[in-house]
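Everything below concerns the one structure shown next.
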Amino acid sequence: MQPAFFRFSIALFALLFSKGALATANFPSILKARYNISTDIELMCTLCHETPRGGPKSVKQPFGITLMNRGLVAYDINGLVRILTEMEAIEPDSDGDLVGDISELKRGTDPNVNDITGEAAELPRYGWYCSTPRGGAPLSATGGVWPTALLLCAWCIRRSSAQHARSLKAALSRNPRPER
């Protein structure tokens with residue numbers, strides 16, 4: 001295997017299979033204490049994650065995405081505190097009900113549910129996501145990574161094949177095959 005192709009394969013593997021945000025056990029307790037929230041800690045995970053279990057790439061709720069868009073990463077407690085402080089000042093509204101997320105947490109309402117309509121906020125979809133039928137199978141958050149990765153693989157394979165052909169041609173020109 002070519003060294004460049006091997007390095008590329010390792011980088012591609014790391015890109016495609018790296019873990020996204022994970023449920024961080026301290027995050028719900030920090031939110032609960034800071035905003036005097038009476039909800040069970042387990043249910044607090046669903047403020048950001050799809051399920052109470054959390055887990056890799058399960059931050060699907062608008063409030064969790066707002067936190068991640070502001071730079072929150074798993075296990076960064078200082079980052080969470082910093083981002084919450086910033087959000088207290090500017091009051092972003094993840095569910096579009098004209099009430100800021102932090103105000104909703106303080107009031108005991110869900111920052112993912114629009115208080116006017118009573119419906120969960122729908123996340124905007126961009127690019128290929130627009131062609132997904134409503135209620136269809138959820139798409140991966142990696143969107144355009146797979147086509148890009150496939151094109152990059154094809155380019156590397158073609159490049160390594162061309163290099164191999166050039167080195168083979170050079171070797172044959174130095175040592176021509178004897179005629180029989």
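Every read-out reported here was derived from the displayed coordinates using simple, explicitly stated rules and does not represent laboratory data. This is a predicted model, so every value here is computed, not measured. Cβ: placed from backbone, ideal geometry, glycine included. Neighbour counts: every protein chain shown.
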Task: Cβ-based exposure ranking for Tyr75, Tyr35, in which fewest neighbours within 10 Å come first - done: Tyr75, Tyr35
Task: Three-way shape call for region 19-123 based on the alpha-carbon gyration tensor, with the a/c threshold at 1.5 - done: rounded
